[in-house]
Each structure stands twice: as C-alpha cells, then as structure tokens.
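What follows is one structure encoded as structure tokens, with my remarks underneath.
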Amino acid sequence: MTATTADTSATTTRHPQRWLILGVICLAQLTVLLDNTVLSVAIPSLTEELDASTSDIQWMINAYSLVQSGLLLTAGSSADRYGRKKMLMAGLALFGAGSLVAAFAQTSAQLIAARAGMGVGGALLMTTTLAVVMQIFDDSERVKAIGVWSTVSSLGFAAGPLLGGFMLNHFWWGSIFLINLPVALLGLVAVAKLVPESKNPQGDRPDLLGALLSTIGMASVVYAIISGPEHGWTSAQVGVAAAVGVLVLGAFALWELRIPYPMLDMHFFRNQRFVGAVAGAILVAFGLSGSLFLLTQHLQFVLGYEPLEAGLRTAPLAVTIVALNLSGLGAKLHAKLGTPVTILTGMSGLAAGLAVIALLGGDDYNGMLAGLVVMGAGIAIAMPAMANAIMSAIPVEKAGVGAGVNGTLAEFGNGLGVAVLGAVLNSRFASLVAVSATSFPAAMAAADSDGERARIADAFSSGLETSQLVGAAAVFLGGVLAAALLRRAERADSVGTKAA
C-alpha cells in the first residue's frame with residue numbers, strides 16, 4: 001500500500017496491523033478527550049498560583065473546546081484533501097507542543113493561548129482518528145472497531161476529573177498537561193511507521209471561504225452555548241453570539257450548495273439514514289453530558305461527597321461502557337438486530353437509566369448506581385451503531401468530513417444537555433425556593449434554620465428529579481425518531497435495489 005493509497009482500495013483491503021493502529025489512535029483520542037474535563041479539578045490551584053480571575057478560569061476551560069469545535073469541519077476537510085496521516089501527525093505535534101507550553105505557563109494569558117493551540121491539535125486528532133478507522137477496517141469489522149473507538153470517547157469524558165484529581169494530589173497543576181507529552185511522542189512514531197496514507201484531493205482549489213464560515217459559525221454557536229449559563233440566556237452577549245453563529249452557518253450552507261467541490265456536501269442532509277443517525281447522536285450526547293452535569297451536583301450537594309469521591313461514584317458509568325464495548329456486545333446486537341433496532345434499544349436503555357436515577361437515586365447512592373449501569377449499557381449499545389450509521393451514509397472519500405460532522409454533533413449535544421437540563425433544574429428549584437438566591441449553595445447560605453435548609457435541599461432534589469425525567473423523555477423520543485428515519489431509509493434502499 002503506497003503513501004497515496006486511494007480511498008477505494010483502502011476500503012477493500014484489511015490492513016495487517018489494523019488492531020495495533022487502532023490502539024495507537026485510541027490512545028491519542030483518549031488524551032484529547034481527557035483534556036476536555038481534566039482542568040476542572042485544578043481551578044483552585046490556578047486561582048491561587050496564577051492569580052486567575054473567574055473570567056480567566058472560564059477562558060482557560062473554554063478556549064480548548066471552543067477552538068476544537070469550531071475547527072472540526074475544517075480539520076476533517078483538510079484531512080481528506082491533504083492526507084489523513086499527515087493531519088494526524090500534525091495534530092499530535094500541535095497537541096504535544098501546546099501541552100508543553102501549558103504545563104509551564106506563568107500567566108493566565110499564556111495558559112489560555114496554550115489551550116487554544118491544543119484545541120487546534122485536538123480538532124485534527126478528533127477527525128482523523130475516526131477517518132483512519134473507516135479506512136483500515138472493512139464492513140465486517142468496522143462496527144466492532146468503532147465500538148472500541150466509542151469506548152475510548154466515553155472513558156475520556158468520564159475519567160478526566162479522576163485523573164486530574166490524582167495528579168493534583170501528588171504533583172503541581174502543570175503535571176496534568178505533561179502526561180500528554182509521552183503519548184504525543186509515542187503516537188507520532190507509531191503513526192509514522194504504521195498508518196497508511198489516504199486522501200481525496202478533489203477539486204482544483206480548497207474551499208477556503210467554506211472553512212472560514214464554518215469555523216466562525218461553529219465557534220459563535222458553541223460560545224453562546226458555553227456562556228449561556230454564566231451570563232444568562234437572554235443577555236446581549238449570548239444573543240449576539242448565537243445570532244452571528246446562525247447567520248454565518250446559514251451563509252455557509254448557501255455557499256456549500258453553490259460551489260462544485262464543497263467542504264460539506266449539504267445533500268447529505270437529504271439522506272434519511274444520515275439525518276436519523278444525526279438526531280440520535282445529538283440526543284445521546286445530550287443525555288450523557290446533561291446527566292453527568294446534574295449527577296456531580298447531586299452527589300456533592302445532596303449526598304455530601306467530596307469532589308474526588310463524587311467523581312469515583314460516577315465511574316460505574318464509564319466502567320460499564322468499557323466492559324460491554326470490549327465484549328463486543330454492541331457489534332453483536334448490530335449484526336443481529338440491524339441499525340434501527342440497535343439504536344432504539346440503546347437509547348431506550350439510556351433513557352431508562354436516567355429515569356431510574358430520577359426516581360430511585362434521590363436520597364440513596366444504590367439507586368443512582370443502578371441507573372448508571374443501565375445508562376452505560378444503553379450508551380455501549382447505541383453509540384457504535386450511530387457512529388457507523390453517520391460514517392456509512394457519507395462517501396468514504398469524505399471520511400474526514402464525516403468524522404468532523406460526528407464530532408460537531410457531540411459538541412452540540414454536550415452543550416445542549418448541560419444548558420437545557422441545567423435550565424430545567426434552575427427553573428424548578430427557583431419555583432420551589434422562596435429566597436432571592438437561585439443556586440443551591442447561595443440558598444443554603446441564606447437559610448437561617450435547619451428546617452429551612454432541609455426544605456431547600458428537598459427543592460434541589462426535586463429539581464434534579466425533574467431534569468433527569470426531561471432528559472429521559474428527550475432521549476427516548478430521539479431514539480424513536482432516529483429508528484423510524486433509519487428504518488424508512490433501509491426500506492427505500494431495498495425498493496431501489498429491487499427496482500435496479
């Protein structure tokens with residue numbers, strides 16, 4: 001296989017070292033995802049040692065996800081055009097360099113800039129890892145391989161606070177970034193030796209305007225979602241960012257429809273299989289991120305656990321996902337039941353887990369534990385099938401763009417989950433508490449008796465229960481919608497095949 005292997009041959013030949021390559025790219029993927037959440041536990045240290053303000057802390061955390069999500073489509077398109085191996089190596093190099101600068105940053109501004117640089121590398125890694133999986137595995141093994149890839153994604157999301165807490169207990173805050181360096185170096189060597197190159201240099205010129213519009217539009221929308229809880233959803237800052245994002249993304253869609261070789265073919269959205277998988281992917285991310293956002297508050301504010309203890313008690317979710325995906329359960333069910341039923345089964349499991357936590361986990365961790373295990377089983381079943389459905393609905397020569405779409409949907413789902421379920425919690429809590437403070441700590445601080453504090457705790461628990469039930473309903477209905485669209489697409493394909 002030569003350095004410029006065509007995409008068509010890459011899909012018909014099994015790479016002899018494909019599972020070793022998968023391990024390498026999953027390690028890189030894990031590091032990128034850990035850095036989405038690892039910094040949250042270092043906030044007290046950063047506030048003290050860098051004299052960081054609240055605004056500085058917010059930008060330290062958000063610079064990474066904002067740059068990464070804004071560049072996902074552009075990164076995926078660049079990987080398709082210039083070579084996925086090249087972009088994977090560039091991503092590892094940028095991520096490693098950014099991590100080194102972050103570890104030894106002396107000011108808040110330096111750390112924010114380093115995190116932004118890591119976001120550029122993260123965008124390249126997020127898109128090229130999944131594109132390489134599509135390249136080196138054929139149809140018979142692809143769902144299983146994507147299952148492993150999805151396992152790493154879930155593990156990275158859940159394990160960040162745990163790893164960060166462990167490192168901070170033994171070392172200084174910069175150590176949480178230094179752990180990325182050996183992974184980046186190992187990844188560079190392994191990718192150079194193992195991963196075959198593939199690309200799809202279609203068109204005479206790159207879609208530079210499309211890349212600019214998608215980056216500005218995505219970054220604006222994600223910024224609005226991130227800053228909504230802090231500044232208020234009706235504030236001018238959030239409203240202007242959201243409006244700019246929507247208008248620019250609209251311009252991006254119109255531009256992509258006009259040019260002969262678009263970065264993102266908007267006709268993908270006419271494909272019911274693609275739209276069904278998209279709907280499911282957004283709502284799985286919605287349920288997962290929104291529920292973890294609520295659970296960490298529940299464990300600390302209601303059940304009284306310390307931050308690291310709370311993180312450990314969310315670990316059964318990640319452990320269940322890892323165990324079931326490594327067992328190949330999702331791939332086996334997918335082969336037996338087909339894509340629509342597998343996705344409906346998984347999303348029903350996720351919804352059931354959220355409902356169990358809402359109804360049985362209010363005052364007892366055992367009920368929450370049962371819900372976390374059921375949620376993990378649902379995610380392990382649904383996520384690989386959905387990622388495969390999205391990537392299979394996009395031509396293999398556009399695998400990088402497909403991976404960018406998949407990553408973009410996850411970012412949207414994560415932000416929406418926190419925003420919507422957090423808003424439901426705050427609304428319910430505020431309606432039950434007759435004090436001016438709407439946050440739980442502020443309300444407790446204002447309480448002047450044990451009875452008042454007990455009433456506030458009950459109100460917060462009620463808000464959490466309502467939020468989890470809203471999330472459960474949204475995820476279940478999303479599963480029904482996704483399965484219906486996928487089933488209709490399969491029937492249309494079957495009719496077309498018979499007619500041919």
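The values are calculated or read from the model by the stated rules, or taken from the named source; none is laboratory data. Keep in mind that what you see is a predicted model, and the values were worked out from it rather than measured. Quick reminder, even Gly has a Cβ in these numbers, built from the backbone with ideal geometry, and neighbours come from all protein chains shown. To get the accessible areas, we keep the full protein, side chains included, count just its heavy atoms, and leave off ligands, DNA and RNA. Shrake-Rupley method; radii C 1.70, N 1.55, O 1.52, S 1.80 Å.
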Unmet requirement for residue 257, which otherwise passes all of (1) closer than 30 Å to residue 353 by Cβ; (2) open to solvent by 50 Å² or more (accessible area, probe 1.4 Å): (1)
Residue in the range 118-125 that is within 20 Å of the chain's Cα centre (by Cα), surrounded by fewer than 24 Cβ atoms within 10 Å (Cβ to Cβ), assigned to a helix (DSSP H, G or I) and at pLDDT below 90 present: yes
All positions within the range 2-32 that are more than 15 Å from residue 138 (Cα to Cα) and at pLDDT below 75: 2, 3, 4, 5
Test: residue in the range 310-318 that is in the same structural domain as residue 454 (by the TED database), surrounded by fewer than 18 Cβ atoms within 10 Å (Cβ to Cβ) and either in a helix (DSSP H, G or I) or in contact with a Phe, Trp or Tyr (Cβ under 9 Å, 6 or more places away or on another chain) (or both): yes
Any hit, the range 280-297, residues being more than 19 Å from the chain's Cα centre (by Cα) and in a helix (DSSP H, G or I): yes
Residues being exposed (fewer than 14 other Cβ atoms within 10 Å of the Cβ) and under 23 Å from residue 56 (Cα atoms) - total across the range 236-251: 2
Test: residue in the range 192-215 that is surrounded by 18 or more Cβ atoms within 10 Å (Cβ to Cβ), of a type in the set (A, V, I, L, M, F, W, C) and at pLDDT 85 or above: yes
Subset of the range 360-412 that is without any contact (Cβ under 8 Å) to a residue 40 or more places away in the chain and not in a helix (DSSP H, G or I) - its residue that is nearest to residue 303 (Cα to Cα): 364
Residue check for residue 90: at negative phi, surrounded by fewer than 24 Cβ atoms within 10 Å (Cβ to Cβ) and modelled with pLDDT of 75 or more: yes
Number of positions in the range 54-79 that are closer than 20 Å to residue 408 by Cβ and modelled with pLDDT under 75: 6
